[in-house]
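Reviewing the structure listed below.
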Amino acid sequence: MGISMKVKVISKFDLEKIKLIKFCDGNKNFDLICRNNNLFNEIKLEEFYDIKYDGRNLSFAKITSFLEYNKIINKNIKYNEHFVLKHEHLNLLQKRFETFFNVVLTNLIEGRNIFIKHDNDCDGFSSGVQFEIVLNSLKKKYDESNSQKITRSLMMDPYYTIEDAFFDVSKNNRFCNPLVLVLDHGSSEQDLLAIKYLKQFNCIIGVIDHHCFIGENEVDKIVDCHINPYLEGGDSSLCTGVLTYELIKKMGYNKLDHVPAIPAMADKCPAEIINFYNTFGDDLEIYSKGVDYFTYLTRSNTNSIFFNDFFIKPKKYLTIFKMVLDEQNKKKLFVKEKLKSYIKEEEFNNFNFVYLNTLNIMPKKLGFGASKIASLIRDEMTSKKSIVVCKGANGFTFRVSEEINFSINEFFEQIKLKFPNGFFMGGGHPKAGTYSFSENFEDDILNELRKQLKSI
């Protein structure tokens, strides 16, 4: 009985006496034992072939174009060019969404392990859990042996570290290299080393992010697919949870329509975006703050089923969130009262500069780290527009009122040039971010900051 099919070679493995080739026909993965050394050497990884078997002889003919194979992939799920949200930044990213769609779907069908890495806040969790739910649902169509692993884990630092990358490569125990999805981080200069490390092991890499970067983006030259509004002249208006949602809708998944409003509110997206996605009415703030609070509590349990269950059935958690947030509001009053005597406030023209060293007073057990304290001060503890700097274990955390013409990222680009030995790392949004540096440069940074604030 003859066989003829178009395939992609996804791995080759020399087991001394046995040479194994793993390939995919667009629907399933197959293992082939190859006893012809010359043929084994001729067949190349990631190439496409027309394979024929007449019952006695096996032959491979190389396909010069990806289109033949891609037609097979696309018969399963068609790419939908329309976005749920009408937004100019999404339209600018259309080609990047299509590329990301094809990369994820192709690697899912090929049976590669998929590692989902995300930031440890509400936006990061919302992105990571959405992908985890959708990919596990889709894989049931293709992975009959249930051997494909789809795992999700946190990035504890404000960027994708070399330690993260080392762990991700080390835990892959299959013949073909994994697809690594980096969410709510990945676009910055600090992510570059880890991403280069992954590429040394031929990993497939996808990044979805909405954080600002300065100058030409080096990450974009290396990864296989990359969605970030800043790449196409956009800004951070669309958080990663929203971008992820728009992508999974293109994969045909329709059970998470309530999700994007939660990270949109947590990340302070424009009101029109929040309102567009909101299915919770007046309770949205409770859901958003509740998720944000629990992301802080579950940092030691990265794969907690709590979030998977919540994002599928959110309404059953409303009572829990109300109870927890009532208690948290009581703690917030205590924290605000405690902070008053430690805050140092300076007045500049029409705004205030606020500085706080949190290292000795940070009430971590109450759920308030440096970032939350900085936001709390800016939003609830100053009478004027403000620039807030909180010293924490990871350096300086900044929060800037929207009305003030000051970009944290641009400021630190200048600082890096002035103090090249400062070992500056970090990033974020123009109005909210964290930077670490050599401790010797703390006073220099604060002095330069004051100089600039006088000119605003």
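The values are calculated or read from the model by the stated rules, or taken from the named source; none is laboratory data. Owing to the predicted nature of the structure, the values given are computational and were not obtained by experimental measurement. All Cβ positions, even for glycine, are placed from backbone atoms using ideal geometry, and neighbour counts span all protein chains on display.
For the stretch 117-139, the criterion of being surrounded by fewer than 21 Cβ atoms within 10 Å (Cβ to Cβ), in contact with a strand residue (DSSP E or B) (Cβ under 7 Å, 6 or more places away or on another chain) and among the basic types (Lys, Arg) is satisfied by at least one residue. So in the stretch 1-59, with the set limited to residues that are at pLDDT 75 or above and β-branched (Val, Ile, Thr), which one is farthest from Ile204 (Cα to Cα)? Going through the qualifying residues, I end up with Ile18.
Take the conditions surrounded by fewer than 18 Cβ atoms within 10 Å (Cβ to Cβ), among the charged types (D, E, K, R) and either under 30 Å from Lys139 (Cβ atoms) or in the same structural domain as Lys141 (by TED's automatic domain parsing) (or both) and apply them to Lys255. Does it pass? First the steps, then the outcome.
Numbers: surrounded by fewer than 18 Cβ atoms within 10 Å (Cβ to Cβ): yes; among the charged types (D, E, K, R): yes; either under 30 Å from Lys139 (Cβ atoms) or in the same structural domain as Lys141 (by TED's automatic domain parsing) (or both): yes.
Answer is yes for this residue.
So that you can scan it fast, the table gives a plain yes or no per residue for (1) farther than 21 Å from Asn91 by Cβ; (2) surrounded by fewer than 19 Cβ atoms within 10 Å (Cβ to Cβ); (3) touching a strand residue (DSSP E or B) at 6+ places or on another chain (Cβ under 8 Å):
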| residue | (1), (2), (3) |
| --- | --- |
| Leu238 | no, no, no |
| Thr244 | no, no, yes |
| Ala264 | no, no, no |
| Cys269 | no, no, no |
| Glu272 | no, yes, no |
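Within the stretch 357-386, if we keep just the residues that are hydrophobic (A, V, I, L, M, F, W, C), touching a helix residue (DSSP H, G or I) at 6+ places or on another chain (Cβ under 7 Å) and outside any helix (DSSP H, G or I), the residue that is surrounded by the most Cβ atoms within 10 Å (Cβ to Cβ) turns out to be Phe368.
Filter the stretch 309-333 down to the residues that are within 17 Å of Tyr296 (Cβ to Cβ), exposed (fewer than 14 other Cβ atoms within 10 Å of the Cβ) and touching a residue at least 12 places away in the same chain (Cβ under 8 Å) and list them by number. Once the filter is applied, which keeps residues that are within 17 Å of Tyr296 (Cβ to Cβ), exposed (fewer than 14 other Cβ atoms within 10 Å of the Cβ) and touching a residue at least 12 places away in the same chain (Cβ under 8 Å), the stretch 309-333 yields only Ile320. Got at least one residue in the stretch 403-420 being touching a residue at least 60 places away in the same chain (Cβ under 8 Å) and of a type in the set (A, V, I, L, M)? No - not one qualifying residue is present in the stretch 403-420.
Here the condition is being farther than 16 Å from Ser371 by Cα and either in a loop (DSSP other than H, G, I, E, B) or assigned by TED's automatic domain parsing to the domain that holds Cys239 (or both); of Glu442, Glu413, Glu403, Glu448, it holds for Glu403 alone. Look through the stretch 114-129, keep the residues that are within 16 Å of Leu238 (Cα to Cα) and of a type in the set (S, T, N, Q), and return whichever of them is nearest to the chain's Cα centre (by Cα). Per the stated criteria, the residue is Ser127. Filter the stretch 382-421 for residues that are over 19 Å from Lys344 (Cα atoms) and of a type in the set (Lys, Arg); which is farthest from the chain's Cα centre (by Cα)? My answer is Lys418.
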